[in-house]
Structures are given as C-alpha cells and as structure tokens.
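These notes are about the structure you will find just below.
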Amino acid sequence: MRRLVAAALAAGTVLAGTVAVAAPADAATHSWTSKNGWSTLKAYGTWSHTSKKATLKVWLADSKKNGWSPGVQFRTWTAGYKKSKYSSVFYFVDSRTGKPADTKFSGYRGAYTAGYPAHAYVREVGVRVSDRKLAAGPWKKLY
C-alpha cells in the first residue's frame with residue numbers, strides 16, 4: 001500500500017512539474033499585421049497576454065506622401081464577450097506642423113495594455129492629414 005501511495009505521489013509531482021512548465025506559454029509573444037486596403041499605409045506589431053492583462057505593441061509605416069497617415073486601434077474583451085475596452089487611435093504627429101505625419105517612415109509607436117485579456121482585435125485606421133478624419137478598416141481578431 002505504501003508503495004502505491006509513493007508511486008502515485010511521484011507521478012503527481014512529475015505531472016505538476018509538466019503543468020508548471022507549460023503554463024507560461026500563454027505569455028508568449030506573437031506578431032500581427034493589419035493591411036486593409038490602403039496600399040501605402042501599414043500597421044503591425046506584437047501581442048502577448050496572461051490571465052491578468054494583454055500587451056499589444058504597435059509599429060506604423062507609410063510608404064508615400066498622399067494626405068493620409070497610418071493609425072491603429074485595439075478592442076479587448078472579457079471572457080464571454082461581456083465587457084469591452086477600446087483604445088484610442090495610435091498615429092504619429094509631425095512635430096513641425098502638429099498634424100498627422102504624412103511622409104515616408106516606419107517606426108515604433110508604443111504599446112497598449114488592457115485589463116480585459118480574453119479576446120483582442122485590431123483594425124487599421126487612416127488619419128486624413130488635413131482634418132484628422134478617421135477611415136477605419138474591419139476588425140481583425142488576434143486571439
């Protein structure tokens with residue numbers, strides 16, 4: 001009887017070690033790209049999430065001066081899609097003019113951290129330089 005208990009405890013310890021090693025895989029970093037119809041605007045980045053929060057990092061690129069600046073927006077949901085949060089639109093501002101940037105560039109814009117980590121969506125947004133009017137593409141599910 002003691003041998004059975006010892007064998008069961010040993011097996012449980014091995015399984016617990018396997019589960020403990022596998023758990024952090026949820027926090028792995030994944031990449032995303034959103035290109036929804038604008039031939040010169042692009043948003044891309046990485047995302048990771050745990051049971052407590054989601055972190056989404058943003059890079060933006062513009063390949064031509066055409067009156068539009070690239071932007072991106074995120075939406076996160078709780079489990080069961082009961083509550084959601086929307087980020088503001090991320091885009092670059094030209095420091096010389098104070099308007100959305102409309103030159104050839106590619107650069108890191110920042111990170112969005114949300115407390116609703118169950119589901120995340122991203123959409124590319126074009127920001128018109130003249131009046132900051134937004135034109136948004138469709139939502140793309142990240143996870």
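Coordinate-derived values only; no laboratory data. This is a predicted model, so every value here is computed, not measured. No Cβ is skipped: glycine too gets one built from the backbone with ideal geometry, and neighbour counts run over all protein chains shown.
Structure notes:
- Qualifying residue in the range 126-142 (condition: in contact with a helix residue (DSSP H, G or I) (Cβ under 6 Å, 6 or more places away or on another chain) and within 29 Å of T78 (Cβ to Cβ)): no
Here is a yes/no grid of residues against (1) at negative phi; (2) exposed (fewer than 12 other Cβ atoms within 10 Å of the Cβ); (3) without any contact (Cβ under 8 Å) to a residue 12 or more places away in the chain; (4) in a loop (DSSP other than H, G, I, E, B):
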| site | (1), (2), (3), (4) |
| --- | --- |
| R96 | yes, yes, yes, yes |
| D102 | yes, no, no, yes |
| Y108 | yes, yes, no, no |
| E124 | yes, no, no, no |
| V127 | yes, no, no, no |
| S130 | yes, yes, no, yes |
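- Within the range 76-94, considering residues that are closer than 22 Å to R128 by Cβ and surrounded by 11 or more Cβ atoms within 10 Å (Cβ to Cβ), the one farthest from the chain's Cα centre (by Cα): D94
- Within the range 110-122, the set of residues being among the small types (G, A, S) and either within 10 Å of the chain's Cα centre (by Cα) or crowded, with 18+ Cβ neighbours inside 10 Å (or both) comprises A111, A114, A120.
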